[in-house]
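Novice: Handing you a structure now.
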Amino acid sequence: MKKILAILIIITMAALALAACGGNDDTGIRTLADLDTPGIRIGVQTATTGHIFADENFPDAYVDAFPLFADAVMALRAGSIDAVIIDAIPGAQFAYANYGYLVLLPETLTAEYYGIALQHGSRLTAMFDDAINQLRADGTFQAIYDYWILELEDATRYVSPPGTAHPNGTLLMATSAGFPPFELWEGDRIVGFDPCLAQAIGDILGYEIEILDMEFGAIIPAVQTGAVDFGMAGMTVRDDRREFVDFSQGYFYSGQHVLVRVP
């Protein structure tokens, strides 16, 4: 069975259980409306769209910001917070990894696109857009999606085509590698959907890609100041972020969901 299908089945079963169960550790969170309970404790990753959404929409909640989503998920499972606002695909993976303990609510808080952050006026923005369009047209984008997001059994990980040259040097990519399956550590290197897509873009444009791991909130300042060439970390395209950086075209559709404990 495809893993993504297994994840969806597990989430559906657990969501049904939420409607019927109660328990000693029951926070009462069954739907998004339950997050309006005064004093509820919501975990987020610092500076993410979920962090911004929680601050703007749940003024009576205690919003705890963590460096990584994994830290927030650990706190949720331990009972020190009541919910985590998280992106759909990573949230589903954390729910899958914590089956029987955590569940992702099916309701969606937001609809959004991820984009690649670049300096204002960078010539790379149009180049990246052209490369993404080419990767969509030739099937490479879908192949990367099939491997990292759908995890199809016959999918293969992207590797640079034979004879690929990188005469234009190296581009520095900033990311925050705690956001599976978009970016995560595998041994001593960062892998995932975003690094693979970045490598494919670099192969088209003739650049090597070097990846720097940092806190999510540091990515836009790093791009803005030129410390890195671009930022790619499942980053939602937002007008407030456009004040500091430009974005490529949206390359992945997503949304914010809520992760809670199974009662």
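Novice: Residue 37 fails exactly one of the following numbered conditions: (1) touching a strand residue (DSSP E or B) at 6+ places or on another chain (Cβ under 8 Å); (2) among the polar types (S, T, N, Q); (3) more than 20 Å from residue 98 (Cβ to Cβ); (4) at pLDDT below 95. What is the number of that condition?
Specialist: For residue 37, the exception is condition (1).
Novice: Given the structure, is residue 182 open to solvent by less than 10 Å² (accessible area, probe 1.4 Å), over 20 Å from residue 86 (Cβ atoms), touching a residue at least 40 places away in the same chain (Cβ under 8 Å) and among the aromatic types (Phe, Trp, Tyr)?
Specialist: no
Novice: Please state which one of 11, 81 is over 15 Å from residue 179 (Cα atoms), buried (at least 18 other Cβ atoms within 10 Å of the Cβ), at pLDDT below 95 and not hydroxyl-bearing (Ser, Thr, Tyr).
Specialist: It is 11.
Novice: Ok, one more. Return the residue satisfying two criteria in turn: it lies in the range 229-239 and is open to solvent by 30 Å² or more (accessible area, probe 1.4 Å) and in contact (Cβ under 8 Å) with a residue 24 or more places away in the chain, and of such residues it is farthest from residue 171 (Cα to Cα).
Specialist: Looking at the filtered set, the residue picked out is 238.
Novice: Moving to a separate point now. Between residues in the range 103-124 that are surrounded by fewer than 16 Cβ atoms within 10 Å (Cβ to Cβ) and residues that are among the basic types (Lys, Arg), which pairs lie under 7 Å by C-beta distance while being six or more apart or on different chains?
Specialist: Qualifying pairs under 7 Å: none.
Novice: Separate question: Is there a residue in the range 200-210 that is at pLDDT 95 or above, charged (D, E, K, R) and in contact with a Leu (Cβ under 8 Å, 6 or more places away or on another chain)?
Specialist: Yes - at least one qualifying residue is present in the range 200-210.
Novice: Let me ask another. Hey, residue 148 hits all of (1) outside any loop (DSSP other than H, G, I, E, B); (2) over 16 Å from residue 251 (Cβ atoms); (3) not β-branched (Val, Ile, Thr) but one; which does it fall short on?
Specialist: The single condition residue 148 does not satisfy is (2).
To keep it simple, each residue is scored yes or no on (1) without any contact (Cβ under 8 Å) to a residue 60 or more places away in the chain; (2) buried (at least 19 other Cβ atoms within 10 Å of the Cβ); (3) in a strand (DSSP E or B).
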| site | (1), (2), (3) |
| --- | --- |
| 217 | no, no, no |
| 221 | yes, no, no |
| 227 | yes, no, no |
| 250 | no, no, no |
| 253 | no, no, yes |
| 259 | no, yes, yes |
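The values are calculated or read from the model by the stated rules, or taken from the named source; none is laboratory data. This is a predicted model, so every value here is computed, not measured. All Cβ positions, even for glycine, are placed from backbone atoms using ideal geometry, and neighbour counts span all protein chains on display. With ligands, DNA and RNA removed, areas are computed over all heavy atoms of the protein, side chains included. Shrake-Rupley method; radii C 1.70, N 1.55, O 1.52, S 1.80 Å.
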